[in-house]
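Read-outs: derived from the displayed coordinates by stated rules, not from any lab. Keep in mind that what you see is a predicted model, and the values were worked out from it rather than measured. Neighbour counts are summed over all protein chains in view; Cβ atoms, including those assigned to glycine, are modelled from backbone coordinates with ideal geometry.
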Amino acid sequence: MEDNCIFCKIANGEIPSATVYEDETFRAILDLSPAAKGHTLILPKAHAANLFELPDETAAKALMLAKKLGAVLKEGLHADGLNVVQNNGEAAGQTVLHFHMHLIPRYSGDTVNVGWKPGHLTDEDRDEVLKLFQK
Ligand code: 5GP
Ligand code: ZN
């Protein structure tokens, strides 16, 4: 646990939350300021600031849990779709610096905004990025 981390305190039960799921590794809670009904957060109990600090095993389990809980939300709330959102760093919209995944039920025609304005892949950008992955 990290001092002064609100999600450490919530995940480990020091601060009460509307918990939809708990096991030895995770707690999943309802977001206090939901984008839509059922907006859920998956929190690991062990502190990791973001995806890059998260152990591989926990990262793999987090996606499996997102699938399991997301299916319950989608079916139970009769949603048409579901966003799995995960922000890393303030520049990417992360406001709580303890890894978490958002599950956001979506409805055709709703006004939830998790999108971006599509850009254009330039040849220069393509080549620069492809080079990062060449050995
Ligand atoms: P981020 O922007 O870091 O990806 O998302 C943080 C999320 O945590 C936000 O959706 C915000 O509403 C939620 N949140 C922040 N503080 C609390 C809290 O104390 N309890 C709960 N349940 N959600 C919180
Ligand atoms: Zn924490």
At most 16 other Cβ within 10 Å, DSSP loop - chymotrypsin sites (Phe, Trp or Tyr not before Pro), region 64-135: Y107, W116, F133
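In region 1-106, what trypsin sites (Lys or Arg not before Pro) fall in a loop by DSSP, with at most 13 other Cβ atoms inside 10 Å? Please list the in-between numbers first.
Values: sites: K9, R27, K37, K45, K61, K67, K68, K74, R106; in loops: K37, K45.
Those satisfying the criteria are K37.
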Cut-off under 5 Å, modelled amide H: who pairs with L82 long-range: R106
Euclidean distance between Cα centres, region 1-72 to region 74-125, Å: 16
Cross-link partners of K9 among aspartates and glutamates (Cα-Cα below 18 Å; sequence separation of 8 or more within a chain): E22, D23, E24, D31
GNM flexibility winner over the chain from A46, A60, A71 (Cα, springs under 10 Å): A60
18 Å Cα-Cα reach of K37 towards lysines, excluding residues that sit fewer than 8 places from it in its own chain: K67, K68, K74
Ranked T111, T19, criterion: other C-beta atoms within 10 Å, fewest first: T111, T19
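Set the Förster distance to 41 Å, then compute FRET efficiency between K135 and L63 from the Cβ-Cβ distance, nearest 0.05.
0.95
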Proximal lysines to K61, defined as alpha-carbon separation beneath 19 angstrom and excluding residues fewer than eight positions away on the same chain: K45
